[in-house]
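The values are calculated or read from the model by the stated rules, or taken from the named source; none is laboratory data. All of these numbers come straight from a predicted model, not from anything done at the bench. As a convention, Cβ positions derive from the backbone with ideal geometry for all residues, glycine included, and neighbour counts pool all protein chains shown.
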Amino acid sequence: MDSTDSQSKWKSRLRAMGPGILMASAAVGGSHIVSSTQAGAIYGWQLAIIILLINLFKYPFFRFGTQYTLTTGKSLIEGYSEKGKGYLVLFFVMNIFSALVNTAAVSILAAAILYNIFPNGFGLSISQLTTIIIVVTWAMLLIGGYRFIDGLSKWVMTALTLATSLAVIIALFQHREYAPNFVAPSPWQLSALPFIVSLMGWMPAPIEISAINSMWSVEKQKSVKVSYNDGLFDFNVGYIGTAILAFIFLALGALIQFGSGEKVQGASAAYIQQFIGMYAKALGNWSRLLIAFIAFLCIFGTVITVIDGYSRANNETLRLLLGEKEAKQKNLNIWMTLTSAIALVIVFFFSGNVAIMLRFAMIASFLTTPFFAYLNYILVNNKEHRIAKWLNVLSIVGLIYLFGFALFFLYAMITGAV
């Protein structure tokens, strides 16, 4: 291959970038900034194996969304519809639940960061700040739509990745001392099970994002013709990038807060102060406001992609259930409005309690993961579509892991072990 062909290949791949980066933007929220960092801060490097396994075992089911769309030109949701209305109804019910809970959760987290940027959040409560964030996001989406979030997410993700990587590199070379008589807690006990399950729930993202990502791929095809290889490259960059970033956030907690003797707060405003403080210890106090602003933009980007993506998916699902020929922008706007409004009700129900809301959303997400994964698997592994042998083996092992862990957690809850 000569230099001209090589340049043309990379230009083609760069033009195809978008859905995978959007997926990464939706992924880097509670799972990375909260769970991964807390995993490192509490347990050091011990949960690295869990982060590796969940990213590995979810990979096929996320990939199937992109693969199906690039092969057929249809979204996963259209595939569910062709498979049978029962599959579509199952997806619809689970996706509405996920849309409302996850929108509320990431919005509260964004508000908690904003609360720390400004003294006492301008005198507003976290619930009030969350309301402002959701309303602003709703308005932006009605005006800007897909093109706006496609452009914003790339810059925000790049800024956060560079800042976090730099903080970790500096922390690696800094001398640190553990607190006197420090004993590392073990995550391999039942009391730590809820934390591990919540870590896996949104790692690297809620799995229903795979269906949403396939819709973003369809949307991308309207402006840029994307080849199979280029589309898969975009997906792999986004997915593998978020997996690597999870380990970077784990390292941030492990290198700076682990063993310091400082109690790790729940995912509240107090934890956000600790999170920003980790960067300040590595980069200096000058970085506090900058990192807080970047982190806010990152989570705000997640709020945007979540409201847009879930609304787009629910609108498409209802269209197919009703047998309508094409999706209408008016109906999408209604879904965005409903999702935003009901998420606000949930926010006020939890009274802005970030820790409880996030933990609930993450655990609920993990418990629905095996069902979404199974839907994706049966859609792409049949007579019409065949997947590579290695991908099929990984899928089967992944399903066993996901269903097994979910059943084990439910059993532990029912018996009162956790």
Original post:
For residues in the range 282-296 being in contact with a Leu (Cβ under 8 Å, 6 or more places away or on another chain) and within 18 Å of A112 (Cα to Cα), which is surrounded by the most Cβ atoms within 10 Å (Cβ to Cβ)?
Top reply: A295
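In the range 233-281, which residues are in a loop (DSSP other than H, G, I, E, B) and either among the basic types (K, R) or touching a Leu at 6+ places or on another chain (Cβ under 6 Å) (or both)?
Step one: list which residues in the range 233-281 are in a loop (DSSP other than H, G, I, E, B), which gives 257-268.
The answer is K263, A267.
Can you list the helices (runs of 4 or more DSSP H) found entirely within the range 30-108 that contain at least 1 residues being surrounded by fewer than 24 Cβ atoms within 10 Å (Cβ to Cβ) and at pLDDT below 90?
On the way: elements: 37-43, 48-72, 76-83.
Because the criterion is at least 1 residues that are surrounded by fewer than 24 Cβ atoms within 10 Å (Cβ to Cβ) and at pLDDT below 90, the helices (runs of 4 or more DSSP H) in the range 30-108 that meet it are 48-72, 76-83.
Can you find a residue in the range 301-321 that is among the β-branched types (V, I, T) and surrounded by fewer than 17 Cβ atoms within 10 Å (Cβ to Cβ)? If you could, list the steps in order and put the result at the bottom.
First, the residues of the range 301-321 that are among the β-branched types (V, I, T): 302-307, 317.
Now restrict to residues that are surrounded by fewer than 17 Cβ atoms within 10 Å (Cβ to Cβ): none.
Scanning the range 301-321 turns up no residue that is among the β-branched types (V, I, T) and surrounded by fewer than 17 Cβ atoms within 10 Å (Cβ to Cβ).
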Subject >> Residues located in the range 33-84, provided they are closer than 15 Å to L245 by Cβ and aliphatic (A, V, I, L, M) >> reply: I33, V34, A39, A48, I51, L52, I54
Original post:
Quick one: is K225 at pLDDT below 85, surrounded by fewer than 24 Cβ atoms within 10 Å (Cβ to Cβ), under 21 Å from the mean Cα position of the chain (by Cα) and of a type in the set (K, R)?
Top reply: no
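What number of residues within the range 360-418 are polar (S, T, N, Q) and out of contact with any Asp or Glu (no Cβ under 9 Å at 6 or more places or on another chain)?
Number satisfying all stated conditions: 6.
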Original post:
In the range 242-261, is there at least one residue being among the polar types (S, T, N, Q), at pLDDT 85 or above, in contact with a helix residue (DSSP H, G or I) (Cβ under 8 Å, 6 or more places away or on another chain) and within 23 Å of N102 (Cβ to Cβ)?
Top reply: yes
Subject >> Test for G84: is it over 20 Å from the mean Cα position of the chain (by Cα) and free of Cβ contacts under 8 Å to residues at least 40 places away in the same chain >> reply: yes
Subject >> Near pairs, Cβ below 8 angstrom, 6+ apart or cross-chain, from the range 358-372 (in contact (Cβ under 8 Å) with a residue 24 or more places away in the chain) to any residue that is acidic (D, E) >> reply: T368/E208; F372/E208
Subject >> Condition check for L322: without any contact (Cβ under 8 Å) to a residue 12 or more places away in the chain and not small (G, A, S) >> reply: yes
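So, in the range 170-201, of the ones that are among the aliphatic types (A, V, I, L, M) and under 30 Å from L407 (Cα atoms), which residue ends up surrounded by the fewest Cβ atoms within 10 Å (Cβ to Cβ)?
Our first condition is that a residue be among the aliphatic types (A, V, I, L, M); within the range 170-201, this holds for 170-172, 179, 183-184, 190, 192-193, 196-197, 199-200.
This time we only want the ones that are under 30 Å from L407 (Cα atoms), so: 184, 190, 192-193, 196-197, 199-200.
On the way: A184: 13, L190: 11, A192: 18, L193: 18, I196: 20, V197: 24, L199: 27, M200: 28.
For the range 170-201, the residue satisfying everything is L190.
Only one residue in I356, I334 is modelled with pLDDT of 85 or more and part of a helix (DSSP H, G or I), so which one is that? Explain how you work it out, then say what you get.
Working: I356 fails: modelled with pLDDT of 85 or more.
Step by step, each of I356, I334 is checked, and only I334 is modelled with pLDDT of 85 or more and part of a helix (DSSP H, G or I).
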Subject >> Single unsatisfied condition, A355 versus (1) more than 18 Å from the chain's Cα centre (by Cα); (2) within 28 Å of L410 (Cβ to Cβ); (3) hydrophobic (A, V, I, L, M, F, W, C) >> reply: (1)
Original post:
Do we have any residue at all in the range 278-297 that's touching a helix residue (DSSP H, G or I) at 6+ places or on another chain (Cβ under 9 Å) and farther than 26 Å from A111 by Cβ?
Top reply: no
**OP:** Keeping to the range 282-324, report how many residues are closer than 27 Å to E219 by Cα and assigned to a helix (DSSP H, G or I).
**Re:** 27
Original post:
Which pairs have Cβ atoms under 6 Å, sit 6 or more apart or on different chains, and link a residue in the range 339-353 that is closer than 19 Å to T305 by Cβ and touching a residue at least 12 places away in the same chain (Cβ under 8 Å) to one that is of a type in the set (D, E) and not in a helix (DSSP H, G or I)?
Top reply: none
**OP:** Please give the number of the condition V380 fails out of (1) at pLDDT 90 or above; (2) in contact with a Phe, Trp or Tyr (Cβ under 6 Å, 6 or more places away or on another chain).
**Re:** (1)
Subject >> Neighbours by Cβ (under 6 Å, 6+ apart or cross-chain): first from the range 110-128, within 16 Å of F350 (Cα to Cα); second hydrophobic (A, V, I, L, M, F, W, C) and at pLDDT below 80 >> reply: A112/A269; A112/V354
